[in-house]
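Trainee: Just passing along the structure, written as structure tokens.
No lab work stands behind these numbers, since they all come straight from the coordinates. Here the structure is a predicted model, which is why all the values come from computation and not from measurement. Because the Cβ atoms are built from the backbone with ideal geometry, glycine has one as well, and the counts that use them run over all protein chains shown.
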Amino acid sequence: MLRRRGERRGELPQGRCHRVGDRQGRSHHGPPRGRDDGARTGKDPGEHYRAIEADLGPSYYTRIDAPASAEQKARLELLSPDAVPEQALAGDAITAKLTRAGGNQAPIQGLKIATSNGWFAARPSGTGNIIKIYAESFRSAAHLGAFVREAHALVNRAIGSGA
């Protein structure tokens, strides 16, 4: 199977996400990869995804790698939601600032910020001097671009980076 440069097996091309979130922040996962859901429904998994997307609208996803020192990565890993004074991101009010998982309250070793029209999560890389920023917009590719730029700046301020 041919893949784009940097794309790994099991991943969708950058710019699209395998799940769609509705405007209340709930996520609707498509059928599990590698399993023929057609055995139960008679539909291809892609048909299920297109139906969800038709109902809720498309989502736009990306991941960026931002350079960071070991000290900055350590600060991100131990960050508190109180370290983020911002109340809005890409023109939308911030609805959640998370550093712990919702279910078991385990540390997520990073930061997740949610708005009504998107979210981002920033985590230090375990293998390099980078911070990985994952982001999804429920509005448009242009909104995703603004969201990622502001998310990167927010993270830099929170960990004390001048970059």
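Trainee: Name the single residue, out of those in segment 35-93 being of a type in the set (A, V, I, L, M) and part of a loop (DSSP other than H, G, I, E, B), that is nearest to Ser137 (Cα to Cα).
Mentor: Per the stated criteria, the residue is Ala90.
Trainee: A follow-up question, please. So which residues in segment 109-142 are surrounded by fewer than 18 Cβ atoms within 10 Å (Cβ to Cβ), more than 18 Å from Ala68 (Cα to Cα) and touching a strand residue (DSSP E or B) at 6+ places or on another chain (Cβ under 8 Å)?
Mentor: Of everything in segment 109-142, those that are surrounded by fewer than 18 Cβ atoms within 10 Å (Cβ to Cβ), more than 18 Å from Ala68 (Cα to Cα) and touching a strand residue (DSSP E or B) at 6+ places or on another chain (Cβ under 8 Å) turn out to be Ser116, Ser140, Ala141.
Trainee: What number goes with the only condition from (1) without any contact (Cβ under 8 Å) to a residue 12 or more places away in the chain; (2) surrounded by 13 or more Cβ atoms within 10 Å (Cβ to Cβ) that Val84 does not pass?
Mentor: Only one criterion in (1) without any contact (Cβ under 8 Å) to a residue 12 or more places away in the chain; (2) surrounded by 13 or more Cβ atoms within 10 Å (Cβ to Cβ) is unmet by Val84, namely (1).
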